[in-house]
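S.K.: Here it is, the structure in full.
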Amino acid sequence: MIQEKPDPGLESPAVEPPEVIRVEGVSKLYRRTLPGDRLRTLKSALVGRSLASGLKPEESIAALEQVDFAVHRGEAFGVIGGNGSGKSTLLKLVAGMLKPTTGRITVAGRVAALIELGAGFHPEISGRENVFINGAVLGLTRKQIERRYQDIVEFSGLGDFMEEPVKNYSSGMYVRLGFAVAVNTDPDVLLVDEVLAVGDEAFAHRCLRRIEEFLASGKTLLLVSHSLDLVEGVCDRVLWLDNGRQRLVGEPRRVIDAYRQEVAEREGEEHLAANRRREQAGEEVPEELRWGSREAEILSIRLLAGGEERYHVTTGEDVVFEIRARADKPLDDFVFGVAISTPRSFEVWGTNTDMEGYAAGHFEGEAVVRLACPALRLAPGEYVVDVAVHSREGAPYDYQRRALTFTVTAPTSGVGVYFPEHRWEVEGGLEWAGPDPGEP
């Protein structure tokens, strides 16, 4: 029997799922170590009222400042930011391992946290005993743990090591056991820090499948990771922390692109400064990244966009790879090449002057060679550039790997490394609710 769909005009408005995590104006301060602090005693601190009167600004370091957000039931919420931005501190506050200096945090339901490698494990006792202790801490009875024990062992793949003291475990084994316990104790909220990166590829895929099942059952995930692709693929919303401050909260692509843009701009500034330092000091690129006879020498490589040196571009933007080179003696056999790849060495695109039909003539002294790309249609992500000058037979004069890095963002998302100009078209009885497919 087929039920008729109710009239859209009669449908009740969608009800937003209830909040599971609420962080309200939270700040976390740590005491700064000042000269002479190590010689202080509890008595001197109490007499000086330094414990009771609070921390002065010059005595404290702010790990978090005025962070405010909510996570709803069934939502995957990601946290990104550089090292020292306060990501792990935030997770510890949500887990109840730390107390906020100001503000309030409320969490509804049972929480399982996989935050620090080996956290909650006693190194001198076996993996099996640690499973029962961790389960008890999470509020399970012994019978409940016994019923789930075999599932934990199978998921971790540590059947042959469960009777071994965990101090003998590798970092990967710690992660396997910690994650297996966390997801098999039926938590309402799962907190996961960067420790997943320690596991091997197969276990990482197993963890992701379990996370998807966890979210599909209406549970809530708070994920901290430096893997922006992982965060974008898993999370519904993302928070960007920068030096303890909340920069942006919203849809993953928007937040991640804003973060990548800022990182690229910082790296571009550092790249410029490093180039100037190397030129002034006459420093060389490390040998493992540069080789060749130096019959011709690459002096610098720059990425130009919009007429200025820049290392963050939007897909489809007009860019130029500019190579400044020198030949101390006349050369009549030379080829210039540029290759783009991902940070994991997946080749994206490369070309050289010989492949493009440019026959060598004469090269002596300094010269500038530019590879112009009127529309560099790379997909969003990070890329590295190799640059070279060599003979037509391939003998390297100067080959530089990872000579520069740059970041690409786009207004929409996709998969792969190529982002062609495109549009969706439709005919017949179908229309879009939005956005207008005719608009970029």
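S.K.: State all residues of the stretch 255-293 that are modelled with pLDDT of 85 or more, out of contact with any Lys or Arg (no Cβ under 8 Å at 6 or more places or on another chain), farther than 18 Å from LEU90 by Cβ and buried (at least 16 other Cβ atoms within 10 Å of the Cβ); if no residue qualifies, say none.
M.R.: GLY292
S.K.: Kindly list, by first and then second residue, each pair from a residue in the stretch 288-316 that is touching a residue at least 40 places away in the same chain (Cβ under 8 Å) and closer than 15 Å to THR407 by Cβ to a residue that is polar (S, T, N, Q) and part of a helix (DSSP H, G or I), limited to pairs with Cβ atoms under 8 Å and residues at least 6 apart or on different chains.
M.R.: HIS312/GLN261
S.K.: Right, here's the next one. Can you pull out every residue in the stretch 130-159 that is surrounded by fewer than 17 Cβ atoms within 10 Å (Cβ to Cβ) and either among the aliphatic types (A, V, I, L, M) or touching a strand residue (DSSP E or B) at 6+ places or on another chain (Cβ under 9 Å) (or both)?
M.R.: Passing the criteria: ILE133, ALA136, VAL137.
S.K.: Quick test for you: out of ALA119, ALA63, ALA52, pick the one residue that is surrounded by 21 or more Cβ atoms within 10 Å (Cβ to Cβ) and either under 16 Å from ARG31 (Cβ atoms) or at pLDDT below 90 (or both).
M.R.: Numbers: ALA119 fails: surrounded by 21 or more Cβ atoms within 10 Å (Cβ to Cβ); ALA52 fails: surrounded by 21 or more Cβ atoms within 10 Å (Cβ to Cβ).
From the options ALA119, ALA63, ALA52, the qualifying one is ALA63.
S.K.: Something else about it: What tally of residues in the stretch 118-129 results from selecting those that are in contact with a strand residue (DSSP E or B) (Cβ under 9 Å, 6 or more places away or on another chain) and on the phi > 0 side of the Ramachandran plot?
M.R.: Result for the stretch 118-129: 1.
S.K.: In addition: Restricting to the stretch 201-231, name every residue that is of a type in the set (A, V, I, L, M) and surrounded by fewer than 20 Cβ atoms within 10 Å (Cβ to Cβ).
M.R.: If the condition is that a residue be of a type in the set (A, V, I, L, M) and surrounded by fewer than 20 Cβ atoms within 10 Å (Cβ to Cβ), then ALA202, ALA204, LEU208, LEU215, ALA216, LEU230 are the ones that fit.
S.K.: Then there's this: Residues GLU382, GLU431: which one is acidic (Asp, Glu), modelled with pLDDT under 95 and more than 24 Å from the chain's Cα centre (by Cα)?
M.R.: GLU431
S.K.: If a residue must be aromatic (Phe, Trp, Tyr) and crowded, with 18+ Cβ neighbours inside 10 Å, how many such residues does the stretch 400-422 contain?
M.R.: Adding up the residues that qualify gives 2.
S.K.: So, PHE203, is that one aromatic (Phe, Trp, Tyr) and within 18 Å of PRO187 (Cα to Cα) or not?
M.R.: Values: aromatic (Phe, Trp, Tyr): yes; within 18 Å of PRO187 (Cα to Cα): no.
When the stated conditions are applied, PHE203 does not pass them.
S.K.: Go through the stretch 195-224 and report how many residues are at pLDDT 90 or above, within 21 Å of GLY120 (Cβ to Cβ) and in a loop (DSSP other than H, G, I, E, B).
M.R.: Counting residues in the stretch 195-224 that are at pLDDT 90 or above, within 21 Å of GLY120 (Cβ to Cβ) and in a loop (DSSP other than H, G, I, E, B) gives 1.
The values are calculated or read from the model by the stated rules, or taken from the named source; none is laboratory data. Predicted model, so just to flag it, every value in this text is computed and none were measured. Note that we place each Cβ from the backbone using ideal geometry, even for glycine, and neighbour counts take in every protein chain shown.
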